[in-house]
1. Please determine whether any residue of segment A:114-135 is surrounded by 24 or more Cβ atoms within 10 Å (Cβ to Cβ) and within 12 Å of chain B (Cβ to nearest Cβ).
2. Which residues, taken from segment B:69-92, are in contact (Cβ under 8 Å) with a residue 60 or more places away in the chain and not basic (K, R)?
3. Which condition does B:A265 not pass, out of (1) among the aliphatic types (A, V, I, L, M); (2) within 26 Å of B:G139 (Cβ to Cβ); (3) surrounded by 22 or more Cβ atoms within 10 Å (Cβ to Cβ), if it passes all the others?
4. Tell me the residue from A:V211, A:V222 that is within 18 Å of the chain's Cα centre (by Cα) and surrounded by fewer than 18 Cβ atoms within 10 Å (Cβ to Cβ), please.
5. Does A:S107 satisfy being assigned to a helix (DSSP H, G or I) and within 14 Å of another protein chain (Cβ to nearest Cβ)?
6. Return only the number of the condition from (1) within 11 Å of chain A (Cβ to nearest Cβ); (2) among the aliphatic types (A, V, I, L, M); (3) not in a helix (DSSP H, G or I) that B:I205 does not satisfy.
7. Which residues, counting only those in segment A:254-280, are within 10 Å of chain B (Cβ to nearest Cβ) and hydrophobic (A, V, I, L, M, F, W, C)?
8. Step by step: first the residues of segment B:23-50, then only those that are within 14 Å of chain A (Cβ to nearest Cβ) and outside any helix (DSSP H, G or I), then the one that is modelled with the highest pLDDT. Which residue is that?
Amino acid sequence: MSFTEEGLSPAAGVPNFEEDDIERLDDESVFARFLWMFRKNKLAAFSLLVICVIMLAALTVPLYTPYDPNKPSLGERFAPPSPAHWAGCDDLGRDQFVRLIYGARISIMIGLLPTTLSMIIGTALGLVAGYFGGSADFWIMRLADIVLAFPSLLLAMVVSYTLGGGIMSIFVALSVVSWAGTARVIRAQTMSLREKEFVEAARSIGVRPCVIIFRHILPNCVPNLIVLFTLNIPGAIMNESSLSFLGVGAAPPSTSWGLMIFRYKTYLMSYPWLAIAPGLAILVFVLAFNFLGDGIRDAMDPYMKD
Amino acid sequence: MGRFIVNRILISVPVLIGVALILFLLLNVVPGDPVTVMMGEHIKPNLIEVFRERMRLDDPVLVRFARYIAGALRGDFGISYKLNREVGGLIAQSFPHTIKLSVYAALVAWLIGIPAGLFSAVKSNTLIDRAFMGFSLLGVSLPVFWAGLLMQYLFAYKLRWLPVNGYYSLKYFIMPAIVLGWGSAGTVARLTRSNLLEIMKNDFIRTARAKGLKESAVVTGHALKNAMLPVVTIMAMQVASLLGGAVMTESIFGIPGLGLIAVRAISMRDMPLLQGTILFSTALVIAGNLIADLLYGFLDPRIRVE
């Protein structure tokens with residue numbers, strides 16, 4: 001066993017940062033840091049490519065496919081994977097590959113919309129709590145404590161139960177579940193920014209609080225927000241597929257990857273590829289977001305590495 | 001230390017009350033009359049009145065909440081609509097299964113996660129390190145329910161090594177424990193690795209090396225003990241993620257624990273049962289966090305002074 005100098009570098013799978021890299025970072029724009037990261041971190045760049053390809057495929061799917069995802073064709077029930085049907089056909093003879101891509105639409109929507117909504121809520125509350133402090137801070141943070149105390153899947157289950165199930169209730173459920181983490185991070189950052197000289201200078205010439213928050217504090221939270229955003233998406237996708245799998249999420253005829261696994265698990269013993277393919281899709285998509293998020297975090301703040 | 005313990009416990013109590021209140025509000029604004037849900041659509045209108053009276057549903061929400069809390073403290077969580085049994089009894093019956101599953105999963109997480117993290121740190125940035133860390137990221141990105149299905153297909157159906165589902169002996173818990181523990185093992189491994197690398201940079205490690213200690217003694221005797229502090233506490237906190245994951249694991253492997261009951265309660269629209277199981281689970285999580293806090297304070301005296 002030996003700890004050599006190189007053995008002490010921060011994390012596996014990410015490049016080593018040299019001193020001048022880190023110094024350079026302080027003066028660069030967010031965009032420049034992105035470019036730099038993708039040049040250094042091939043895994044993150046590849047992950048971004050995978051995500052873009054999946055998104056593009058999902059958006060344009062009606063343009064290039066001859067198959068209808070919901071139209072049964074009973075002659076082709078349980079057709080194994082073949083050149084005509086890349087991932088085979090399901091119990092109603094529907095093309096599995098096309099259904100996977102339509103399922104990606106739900107997963108992308110679920111990944112992006114509730115995450116965006118919860119980020120907006122979390123950021124707003126975090127800014128208010130961090131900047132104004134006092135009783136607003138106290139109550140917002142106690143609410144965040146309470147939300148964070150729930151296991152997120154259980155809370156999402158309860159909220160979607162209350163709202164009666166379906167896609168819309170998943171949207172709300174996932175937003176309700178994940179704002180609190182964002183609020184905590186943004187609050188902490190706002191509190192430290194509030195004490196900085198440039199904010200004090202703005203305050204001393206009489207700039208109104210809401211202008212200070214939007215002009216001076218929020219832009220400085222952007223790198224963190226991007227990291228949080230990328231790392232929250234896989235959680236949302238995962239929770240959606242779990243909820244759909246448990247039967248409290250997406251309902252037919254709309255397809256989601258979780259729902260597909262739920263549906264096809266009945267045929268696991270005889271036609272295993274039906275349930276395997278959607279799980280693989282979730283795995284690839286979530287893994288890509290995790291790699292990308294890790295890469296962005298390292299690029300935004302090399303000091304903050306785990 | 002005494003004051004520290006009292007403080008932490010006092011912080012947890014309002015969170016627990018908040019959790020109960022939010023849960024109560026969420027589940028008691030559900031559209032649909034509880035009596036109709038309980039008795040079915042074809043109940044006579046005058047009977048609805050009788051039951052509303054008997055269940056005291058016409059009292060103000062806060063009064064009902066206070067009554068619920070008073071009951072819950074005595075272990076009385078109401079009576080299940082559909083099973084017509086005491087929710088407290090159902091929880092007491094299912095809780096041991098969940099605990100058993102979680103303990104096995106935690107064992108998996110410890111026994112795999114710590115050695116993997118240790119090994120990765122010692123061999124950091126080698127192929128072994130990358131493989132371990134990739135494997136741990138896979139555990140985080142893998143949908144629990146899908147991994148469970150795949151294992152059932154492979155080990156129970158194809159190879160016939162293990163039973164498909166059930167809860168009768170240790171053999172039945174092998175697959176569920178691995179599926180549930182994998183994600184936690186990944187977290188433990190990553191944390192062990194990064195902490196160890198951080199600790200190895202300290203002066204006392206250099207001193208230990210300088211006095212001629214063997215590298216293995218430096219790692220296990222000096223570094224590991226310090227690096228394990230946060231790891232020990234994260235295990236207590238993982239109660240939350242284990243409980244969330246237990247919902248999925250239990251439904252796949254047919255283990256009648258808290259998670260399975262909660263899922264059944266949702267599909268039967270059985271409000272008291274759902275409320276009881278979720279409240280109980282969340283209370284466990286809060287207790288887990290409290291224990292983590294206290295443990296941290298106990299292991300690291302610096303934390304106690306705040």
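1. no
2. Keep residues of segment B:69-92 that are in contact (Cβ under 8 Å) with a residue 60 or more places away in the chain, which gives B:72, B:77-83, B:87-88, B:90-91.
Within segment B:69-92, B:A72, B:F77, B:G78, B:I79, B:S80, B:Y81, B:L83, B:V87, B:G88, B:L90, B:I91 meet the criteria.
3. (2)
4. On the way: A:V211 fails: within 18 Å of the chain's Cα centre (by Cα).
A:V222 is the lone residue from the list that is within 18 Å of the chain's Cα centre (by Cα) and surrounded by fewer than 18 Cβ atoms within 10 Å (Cβ to Cβ).
5. Considered against the rule, which asks whether it is assigned to a helix (DSSP H, G or I) and within 14 Å of another protein chain (Cβ to nearest Cβ), A:S107 comes out as yes.
6. Going through (1) within 11 Å of chain A (Cβ to nearest Cβ); (2) among the aliphatic types (A, V, I, L, M); (3) not in a helix (DSSP H, G or I) one by one, B:I205 breaks only (3).
7. Of everything in segment A:254-280, those that are within 10 Å of chain B (Cβ to nearest Cβ) and hydrophobic (A, V, I, L, M, F, W, C) turn out to be A:W257, A:I261, A:F262, A:L268, A:M269, A:A275, A:I276, A:L280.
8. Keep residues of segment B:23-50 that are within 14 Å of chain A (Cβ to nearest Cβ), which gives B:23-32, B:34, B:37.
Add one more test, that the residue is outside any helix (DSSP H, G or I), and what stays is B:29-32.
Numbers: B:V29: 72, B:V30: 68, B:P31: 63, B:G32: 63.
This residue is B:V29.
The values are calculated or read from the model by the stated rules, or taken from the named source; none is laboratory data. Computed from a prediction, not measured in an experiment: that's the story for all the values here. Cβ atoms come from the backbone with ideal geometry, glycine included; neighbour counts cover every protein chain shown.
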